[in-house]
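A quick write-up on the structure given underneath.
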Amino acid sequence: MTRPLKVADREKTAERLLNSSADKFYDPEVDIDWAAPLVDGLRYTPEHRCSLYGTPLWDRMSEDQRIELSKHEIASIASVGLWFEILLMQMLLKEVYRSDPTTMHVQYALTEIADECRHSTMFARMVDKIGCPPYGPPAHVHRLGRLLPVIGYGPALYGSILVAEEVLDRLQRETMADETVQPLVRMVNRIHVLEEARHVRFAREEVVRGMATVSKAELPYQRWLLATVAMFITRSIINPKAYKAVGLDAAEAHRAALGNPAWQETIRWSGERIMKFLDEVGLVGKPGTRAWRRSFLLP
Ligand SMILES: [Fe+2]
Ligand SMILES: [Fe+2]
């Protein structure tokens with residue numbers, strides 16, 4: 001059985017997070033040099049994080065084509081991230097709508113929404129600057145996404161937010177330290193990593209609090225919803241149109257990426273920390289197991 005995790009006082013955590021937000025935050029409009037030219041020959045993601053890295057398809061690609069693919073992949077990752085941020089802003093706003101705005105908790109939720117507004121603008125601007133389309137997730141996932149703020153509640157809601165935030169966070173931490181990557185991308189990642197650390201703290205505590213009140217009858221739904229959302233996120237990160245943009249067959253490359261052990265390992269690695277947490281609180285299990293496997297977050 002799962003043991004309940006200790007959790008700090010809700011208002012105290014929110015107060016700390018509010019102070020930290022006031023103390024350290026970025027305004028990407030002014031903190032990023034948007035006029036600086038992109039650097040020739042630099043990649044947009046670390047080479048070994050490309051979804052096709054290590055496949056026979058990769059071996060046949062030229063160096064220029066690989067760099068170009070990394071550019072379209074970062075555009076896909078950023079625009080899928082943006083799409084999810086829009087959904088999570090809607091979910092947070094719903095929480096705010098039904099709660100007391102004079103609490104620190106709600107004020108921090110509003111602060112987080114403000115952070116996400118700046119992030120989404122920043123991601124959009126980066127995609128535009130590098131000259132790629134705002135791919136977002138495939139159309140059917142985009143349509144399904146509308147449901148999430150309607151059917152999502154409780155620990156699965158914050159759990160879904162965490163999967164998106166922590167998977168992206170681990171990839172971004174590695175990228176911001178990689179000198180083979182474009183300075184613009186590294187700076188965008190640095191800004192995002194700094195502010196997301198607070199969001200992760202906020203959501204993790206909400207998951208623990210939520211799990212303490214989830215009934216036995218409700219738990220399977222919470223597990224199923226979380227695993228399903230996670231599966232859609234990880235399998236949609238790279239929109240197949242990104243492959244087409246560099247002259248590959250979209251369907252063939254998409255299949256190759258999903259079957260690529262190196263890419264599956266990248267996703268497993270990126271979700272390592274959050275999966276350990278979700279498992280500890282009891283959110284990983286039937287009836288979500290199949291979706292977790294398909295997400296590559298569980299082996
Ligand atoms: Fe964000
Ligand atoms: Fe966030």
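The values are calculated or read from the model by the stated rules, or taken from the named source; none is laboratory data. Because the structure is a prediction, the values reported are computed rather than measured. Using ideal geometry, Cβ is built from the backbone for each residue, glycine included, and neighbour counts are taken over all protein chains shown. The protein model used for the area step is the full one, side chains on, heavy atoms only, and it has no ligands, DNA or RNA in it. Shrake-Rupley method; radii C 1.70, N 1.55, O 1.52, S 1.80 Å.
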- [ ] Give me the distance between the Cα centres of region 155-214 and region 67-132, rounded to whole Å.
- [x] 11 Å
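Carbon and sulfur together cover what percent of the accessible area of the chain at a 1.4 Å probe radius? Don't jump to the answer; show the numbers that get you there.
Values: 7930 of 13860 Å².
The value for the chain is 57 percent carbon and sulfur by accessible area.
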Open item on the list: Could you derive backbone 3J(HN,Hα) for region 204-219 from the dihedral phi with the Karplus parameters 6.51, -1.76 and 1.60 (θ = phi - 60°), listing whole Hz in sequence and x where the residue is Gly or Pro?
Closed with: 4, 5, 5, 4, 4, 4, x, 5, 5, 10, 6, 7, 4, 6, 8, 4
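Over region 1-85, what is the relative contact order in whole percent, taking alpha-carbon pairs under 8 Å and six or more residues apart?
Details: 21 pairs, mean separation 22.6, N = 85.
Taking the mean separation of contacting Cα pairs over the length of region 1-85, I get 27 percent.
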TODO: Provide, for the chain, the number of lysine pairs with alpha carbons under 29 Å apart, each pair being eight or more places apart or on different chains.
DONE: 22
- [ ] Have a look at Ser62, Ser21, Ser160 and tell me which one the Gaussian network model of the chain (Cα, springs below 10 Å) gives the largest fluctuation.
- [x] Ser62
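Given an 8 Å cut-off on Cα distances and at least 6 residues of separation, report the relative contact order of region 140-299 as a percent.
32 percent
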- [ ] Rounding to the nearest 20 debye, state how big the charge dipole of the chain is about its Cα centre with +1 on each Lys and Arg Cβ and -1 on each Asp and Glu Cβ.
- [x] 1240 debye
TODO: Could you tell me the largest-minus-smallest coordinate of the C-alpha atoms of region 71-153 on each of the three principal axes, in descending order and whole angstroms?
DONE: 43, 26, 11
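So with the 1.4 Å probe, I'd like the accessible area per residue for region 158-282, rounded to whole Å². Intermediate results must be reported in sequence, preceding the final value.
On the way: 4750 Å² over 125 residues.
So region 158-282 comes to 38 Å² accessible per residue, rounded to a whole number.
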TODO: Give a residue-ordered list of calculated ³J(HN,Hα) values for region 152-158 (Karplus: 6.51 cos²θ - 1.76 cosθ + 1.60, θ = phi - 60°; whole Hz; x for Gly, Pro).
DONE: x, 7, x, x, 5, 5, 5
TODO: Enumerate the amide H contacts of Val7 below 5 Å, restricted to partners 5 or more residues apart or on another chain; note that Pro and chain-start residues carry no placed amide H.
DONE: none
Task: Calculated from backbone phi, Karplus (6.51, -1.76, 1.60) coupling profile of region 13-19 in Hz, x at Gly/Pro - done: 4, 4, 5, 4, 5, 5, 4
- [ ] Rank Ala124, Ala242, Ala139 by mean-square fluctuation in a GNM of the chain with C-alpha springs under 10 angstrom and give only the top-ranked residue.
- [x] Ala139
TODO: Please report, to two decimal places, log10 I(q)/I(0) for region 24-98 at q = 0.13, 0.21 Å⁻¹ as given by the Debye formula with identical point scatterers on the Cα atoms and no solvent.
DONE: -0.62, -1.02
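Normalising by the residue count of region 254-299, find the relative contact order in percent from Cα pairs under 8 Å and 6+ residues apart.
Working: 20 pairs, mean separation 20.4, N = 46.
Dividing the mean separation by the residue count of region 254-299 yields 44 percent.
In square angstrom, what is the accessible area per residue of region 1-111 with a 1.4 angstrom probe? Don't jump to the answer; show the numbers that get you there.
Working: 6160 Å² over 111 residues.
I get 55 Å² per residue for region 1-111.
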Open item on the list: I'm a student and want to see the number: the projected area of the Cα convex hull of the chain, averaged over all directions, in nm².
Closed with: 15.2 nm²
Task: Inter-label distance, nm, simple model (7 Å from Cα along the C-beta direction), Leu147/Glu15 - done: 4.2 nm
TODO: For region 116-213, just run the numbers: alpha carbon Rg, then divide by 2.2 N^0.38 Å, N being how many residues it has.
DONE: 1.23
